[in-house]
Structure formats: C-alpha cells, structure tokens
Amino acid sequence: MNHKDFIVPINKKIKLKDYDPSYTGEYKNKEAAQDDLRKDIERLAKYQDTLYAQNKHALLIIFQAMDAAGKDGAIKHVMSGINPQGCQVFTFKSPSAEELDHDFLWRSMKALPERGRIGIFNRSYYEEVLVVRVHPEILASQHLSPKLKGKKIWQHRFKDINNFERYLTRNGIHVLKFFLNVSKEEQKNRFLARINTPEKNWKFSINDVKERGHWDDYMKAYEDMFSNTSTEWSPWYIIPADNKWFTRAVVADVIVAKLKSLKLSYPKVSEAHIQELLKAKEILESES
C-alpha cells in the first residue's frame, strides 16, 4: 500500500472532488483488507509496547470527518489490540465556559499524550477552522476583541496550528492527521441505517441532518484547511471512507509505518543493573 496516494500535497490548492470516497486500491475483496488489518493490529501492539518502554516519543492521532464517516469505528478496530494503559482518547465537543476564557488551543494542549503514549483526538482543534467557520455565530460567542475577528482570522489560525504542530514534533510528539472522506450519498445511507436500527438510534440526532444542510460550506472549509495545514512535519491524509473495511486497513497501515519510522527500541540495561538482575535471580533460585 502506497501511503503517498493519500497524503495531501504541501502548499497546493485542494479540491475534494478530486478524491474518490469509494476508492479501494488494489484490494480485490473485503477479506483481504481485513487480513491486513489483523496483521497491523498485531504489529501496532508490539510497537506500542516498545514506545511505552522507551518513553522518548509520543504519537498524536487526529481524526476529522463529516458525521457518520466512521471515526469511532476506525478507532475501535484499529486500536483493538493495544494496551489501554498506553492510549488516551479525547472527544472535543462544544467548549465550556472555562475553555472559552482561554485561547482556542488551550483545551487541546491539556489533552496531549505523555511520552511513551498514543493520544487520539476524535475531532480536534481543527474544529476551530471548520464548524466555527461554517457557523459564524460560534465565533461571535468567543471572547475575542473585534480586531481579532477580521477577515484574516482563518489564515492566522492556520499559521498558529502549523506552528503548534511544529513545536510538538520538535519535542517528540509526532502528529498523524486523518480526514475520513465519506460521500454525501453514503452519509445519507448511514443516517438512515441509524434511524432504522433501534440499537443505533442513540447515535443519531436531528442536528446531524441540519449539519448535512451545510455540506458545501464544510467542503470549502475543509479544502482551505488542507491547503494551508498539510505540512512537511504534519501532513494530512485523506482516506476514502465509503467502505469502512478499506478505511480501517489504510489508517492502521499508516500508523504502523509511522511507528516503524521512529526506530523504537527497548531501553538498554546498564552493567550495574545486569549484575542486580543476576543477584536477584540467584536469590530467587536458592529459595526452597
């Protein structure tokens, strides 16, 4: 699988119509993708154990998408084999009064993964250039002076985000950003499935349909975001999401490749520690 097929080019205007949500690559069937996913889940478990033991790097994984694109399912399946002690998942909903009294990155900074751990943002600070842009009334409610709400606010936020992510990578927190690209027709089908399946009713809200009415505005906001925040140190991956089995296989493969590139290793034990281990072994083996 060539990950470069999904990376958003740097400093290039992006049009989402050029990205096929139903693309499934070279996979001939669902079973082949699921087999690759199982293998990557096993690899991910091993890499995570080494990441935790080495305690020098952290991985921040960001998922952005329209509703029903499969973020929750991707997180559930891809991360199914890892140790929960080494993974943290955060979902960012409407900001609280306390959060509104801080800068727009503050609540995300508090949730950053510690060294040795994997952090997952199910939606993220990118909502500040997406939903806030599509709904100007949200921006109006933020405690900003009028001069900070001018026409350049989105460019300023793009720049702030790029600088923030560069700061993170320079400090050993590597950032992977996935956009799960679901088509409008497939979103409709998944919404209807949630309505028609009683055990899935809880996942659906009338607000989901209302947000669907802003589809074109969201696509424009996403395109501008991709064009301005896909960087050398933290590129965006646009993952086809009409087939969940393909989405999960690609996401897992990208994460495994990233962890592999870090050349992780278990900490080297000092000679003094080795002697302590031998002494402990001798004591234990001498017990009756």
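Report whether or not LYS71 is of a type in the set (Lys, Arg), more than 14 Å from LYS258 (Cα to Cα) and surrounded by 17 or more Cβ atoms within 10 Å (Cβ to Cβ).
Details: of a type in the set (Lys, Arg): yes; more than 14 Å from LYS258 (Cα to Cα): yes; surrounded by 17 or more Cβ atoms within 10 Å (Cβ to Cβ): yes.
For LYS71, the condition - of a type in the set (Lys, Arg), more than 14 Å from LYS258 (Cα to Cα) and surrounded by 17 or more Cβ atoms within 10 Å (Cβ to Cβ) - is met.
Here's a check for you: in region 113-155, which residue that is in a helix (DSSP H, G or I) and aromatic (Phe, Trp, Tyr) is farthest from the chain's Cα centre (by Cα)? Reasoning before the result, please.
From region 113-155, those in a helix (DSSP H, G or I) are 125-129, 131-134, 136-141, 146-149, 153-155; that's our starting set.
Now restrict to residues that are aromatic (Phe, Trp, Tyr): 125-126, 154.
On the way: TYR125: 11, TYR126: 11, TRP154: 21 Å.
Out of the qualifying residues, it is TRP154.
Of all residues in region 38-67, how many are among the aromatic types (Phe, Trp, Tyr) and closer than 25 Å to ILE161 by Cα? Full working, then the answer.
Taking region 38-67 and keeping what is among the aromatic types (Phe, Trp, Tyr), we get 47, 52, 63.
The next check asks that each one be closer than 25 Å to ILE161 by Cα; those that pass are 63.
Count: 1.
Name every residue in region 160-201 that is assigned to a helix (DSSP H, G or I), over 20 Å from LYS110 (Cα atoms) and either touching a Lys or Arg at 6+ places or on another chain (Cβ under 9 Å) or touching a residue at least 60 places away in the same chain (Cβ under 8 Å) (or both), in order of residue number. It would help to see each step written out before you state the result.
At the first step, the residues of region 160-201 found to be assigned to a helix (DSSP H, G or I) are 160-170, 184-196, 198-201.
Among the residues that remain, those that are also over 20 Å from LYS110 (Cα atoms) are: 184-196, 198-201.
If the condition is that a residue be assigned to a helix (DSSP H, G or I), over 20 Å from LYS110 (Cα atoms) and either touching a Lys or Arg at 6+ places or on another chain (Cβ under 9 Å) or touching a residue at least 60 places away in the same chain (Cβ under 8 Å) (or both), then LYS184, GLU186, GLN187, LYS188, ARG190, PHE191, ALA193, ARG194, LYS200, ASN201 are the ones that fit.
Scan region 264-285 and tell me whether some residue there is surrounded by fewer than 16 Cβ atoms within 10 Å (Cβ to Cβ), modelled with pLDDT of 95 or more and among the aromatic types (Phe, Trp, Tyr).
No.
Criterion first (surrounded by 10 or more Cβ atoms within 10 Å (Cβ to Cβ), in a loop (DSSP other than H, G, I, E, B) and touching a residue at least 40 places away in the same chain (Cβ under 8 Å)) does ASP253 satisfy it?
So ASP253 does not fit the description; no.
Hey, could you check region 223-250 for residues that are acidic (Asp, Glu) and farther than 19 Å from GLU128 by Cα and say which is surrounded by the fewest Cβ atoms within 10 Å (Cβ to Cβ)?
First, pick out the residues of region 223-250 that are acidic (Asp, Glu): 223-224, 232, 242.
If we keep only those that are farther than 19 Å from GLU128 by Cα too, we end up with 232, 242.
Working: GLU232: 9, ASP242: 22.
This residue is GLU232.
Can you report the number of residues in region 17-44 which are assigned to a helix (DSSP H, G or I) and either crowded, with 16+ Cβ neighbours inside 10 Å or not hydrophobic (A, V, I, L, M, F, W, C) (or both)? Outline the logic, then answer.
So in region 17-44, the residues assigned to a helix (DSSP H, G or I) come out as 17-18, 30-44.
Right, trim to either crowded, with 16+ Cβ neighbours inside 10 Å or not hydrophobic (A, V, I, L, M, F, W, C) (or both) and you get 17-18, 30-31, 33-44.
Here the count works out to 16.
The values are calculated or read from the model by the stated rules, or taken from the named source; none is laboratory data. Everything numeric here is computed off the predicted structure, so don't read it as measured data. We place every Cβ from the backbone using ideal geometry, glycine too, and count neighbours over all the protein chains shown.
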